[in-house]
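Report on the following structure.
The values are calculated or read from the model by the stated rules, or taken from the named source; none is laboratory data. Only a predicted model underlies this, so the values are computations on that prediction, with no experimental measurement involved. With ideal geometry, Cβ positions are generated from the backbone for all residues, glycine too; neighbour counts draw on all protein chains shown.
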Amino acid sequence: MPVAGRDYIGVGVGAMVFNEDGRVFLSRRGPEARNERGCWEFPGGGVQFGEKLSDAIVREFYEEYAMHIEVIKLLGVPDHIIDDEQQHWVSPTFIARHIAGTPRIVEVDKCTGIGWFSLMRLPEPLSLVTRYDVEVYIAEYGSRSDWYDWVADYISRPISDTS
């Protein structure tokens, strides 16, 4: 049976999820992860046939961490090429906010740690795509981490107020 990422280019979504304190959620890849075991990452997962990318990341966070997130916007769509492991993924990454649920590890073989971290003090080692996403994020937004409040303010505006 063909294997995503090895026999054909795989698609795996991810998200930089911010909490109300401006911290970002990361997980540490476990012994049964497909690649980059032991690295910290912005979590994500596969996309099911017929599923929208934004729906896939919402589903993955609930299935793997029992938390509800709200997608804010697409950060980018990097190639995630892991030469050492002969894998190639396309990894759309979203900016999102935590809206409910206390995060916990549901898939214990795939994940050995989780936590909320300051964007400027992330644990090491980071996965390749997470390192790339951080660089893109900082180039675009600096150290901005107030997405939680920004979205709440934006949603509460009257429809006619688009400024």
Response to the item:
Counted residues in the stretch 45-58 being within 21 Å of TRP116 (Cβ to Cβ) and either over 11 Å from the mean Cα position of the chain (by Cα) or at pLDDT 95 or above (or both) come to 2
Worksheet item: Does ILE114 meet the test of being more than 15 Å from ARG29 (Cα to Cα), modelled with pLDDT of 95 or more and outside any loop (DSSP other than H, G, I, E, B)?
Response: no
Item to complete: Could you check how many residues of the stretch 122-141 are touching a strand residue (DSSP E or B) at 6+ places or on another chain (Cβ under 9 Å), assigned to a helix (DSSP H, G or I), surrounded by fewer than 18 Cβ atoms within 10 Å (Cβ to Cβ) and among the acidic types (Asp, Glu)?
Response: 1
Item to complete: Could you figure out which of (1) crowded, with 20+ Cβ neighbours inside 10 Å; (2) within 18 Å of CYS39 (Cα to Cα) isn't true of GLU85?
Response: (1)
Practice prompt. Would you mind telling me which numbered condition in (1) modelled with pLDDT under 60; (2) closer than 30 Å to GLN86 by Cβ SER127 fails?
Written response: (1)
Discussion item. Can you go through GLU20, GLU36, GLU32, GLU70 and tell me which one is among the acidic types (Asp, Glu), under 25 Å from GLY142 (Cβ atoms) and either more than 16 Å from the chain's Cα centre (by Cα) or in a loop (DSSP other than H, G, I, E, B) (or both)?
Written reply: GLU20
Worksheet item: When the stretch 73-97 is examined, which residues are found to be more than 12 Å from the chain's Cα centre (by Cα), in a strand (DSSP E or B) and of a type in the set (S, T, N, Q)?
Response: GLN87
Worksheet entry | Selection count, the stretch 55-69, where residues are surrounded by fewer than 18 Cβ atoms within 10 Å (Cβ to Cβ) and touching a residue at least 40 places away in the same chain (Cβ under 8 Å) | 2
Worksheet, complete the sentence: The correct count of residues that are without any contact (Cβ under 8 Å) to a residue 24 or more places away in the chain and not aliphatic (A, V, I, L, M) in the stretch 84-138 is 4
Fill in: Selection within the stretch 1-23 - over 22 Å from GLU63 (Cα atoms), of a type in the set (Asp, Glu) and either without any contact (Cβ under 8 Å) to a residue 24 or more places away in the chain or in contact with a His (Cβ under 8 Å, 6 or more places away or on another chain) (or both)
ASP7
